[in-house]
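Contents: one structure, followed by commentary.
Taken together, the values in this text are just the output of simple stated rules run on the coordinates, not laboratory data. Since the structure is predicted, the reported quantities are computational estimates derived from the model, not experimental observations. Cβ: placed from backbone, ideal geometry, glycine included. Neighbour counts: every protein chain shown.
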Amino acid sequence: MKTKRNVLLALGSVLLLGIVALMAWPPSNTLPKPNGFIRIAPPIVDSTAHSLSEFTEASFPYSMLVHGSAQWEGQSELGWGDIVYPWCQGRMQLTYKPVKQNLATLIDDAHKLAFKHSVVADGISQKLYVNPERKVYGILFHVEGNAASTIQFFATDSTAHFVRGAAYVFAEPNADSLAPVTAFFEKEVIRYLETLTWENI
């Protein structure tokens, strides 16, 4: 009986000590935070723009207005290069092909390259651009989801020139965190199409 009483007293003491320890424990306001991403604030698209032809002294098959923060990295092939946007570590990769009775093939290839991303895409929308006065006909592709290139386009005059572009950002594809960059590139491509001019080489 005495042993039972001692055991109960010992258990009661441990319980009381635990309650006192909990009451004396300092409060903590820190909660674990979920993984986050850096907030991306794109520059204003309508800010100072300059012509792509200003970047290169060589003759160029096309020109258009690009954002004032952009830089040009040319390649050896005529009309090929990257419009680089340092603020987001992104670039628009441009490729150019002369049209020589191969327009259908060039358009088909541009569609295939855009739809290659459909494996990881949530959807792909297309916006048609037609300007007969400037002889500019094109399509802007918006690949939704965690694709490597969410904005792509092509433009042609249908007789001599064909240019294709694909936007890339050097970061892990994440549609939510890169949404401001995607929106910027979409507006930038619209500006390309609206200001695109063809040059005779």
Using a Gaussian network model on the chain with a 10 Å cutoff between Cα atoms, which of Leu52, Leu113, Leu16 fluctuates the most?
Leu16
Compute a Gaussian network model of the chain, connecting alpha carbons closer than 10 Å, and tell me which residue from Leu103, Leu17, Leu78 fluctuates the most.
Leu17
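Is the shape of the stretch 78-137 rounded, prolate or oblate, going by the alpha carbon gyration tensor and its root eigenvalues a ≥ b ≥ c, with a/c under 1.5 for rounded and a/b larger than b/c for prolate?
Values: a/c = 1.57, a/b = 1.18, b/c = 1.33.
Taking the square roots of the gyration eigenvalues as a ≥ b ≥ c, the stretch 78-137 is oblate.
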Segments 164-175, 144-155 sorted - mean Cβ within 10 Å per residue, highest first:
144-155, 164-175
Hey, fewest Cβ within 10 Å first, where do Met64, Met23 land in order?
Met23, Met64
Taking the 0 to 90 degree range and rounding to the nearest ten, how far is the long axis of helix 103-115 tilted relative to the main principal axis of the chain, both from C-alpha atoms?
0
Pairs of alpha carbons in the chain whose separation is greater than 24 Å (percent)
51
Taking amide H positions as placed 1.01 Å from N in the peptide plane, with prolines and chain starts having none, which residues 5 or more places from Ile151, or on another chain, fall under 5 Å of its amide H?
Val143, Ala167
Can you sort Ile124, Ile40 so the residue with the fewest Cβ neighbours within 10 Å comes first?
Ile40, Ile124
Calculate, in nm to one decimal, what Glu133 and Asp109 gain on full extension: separation in residues at 0.36 nm each, minus their alpha carbon distance.
6.1 nm
Put in order of increasing Cβ neighbours within 10 Å, starting from the fewest, Val99, Val130, Val66 give Val130, Val99, Val66
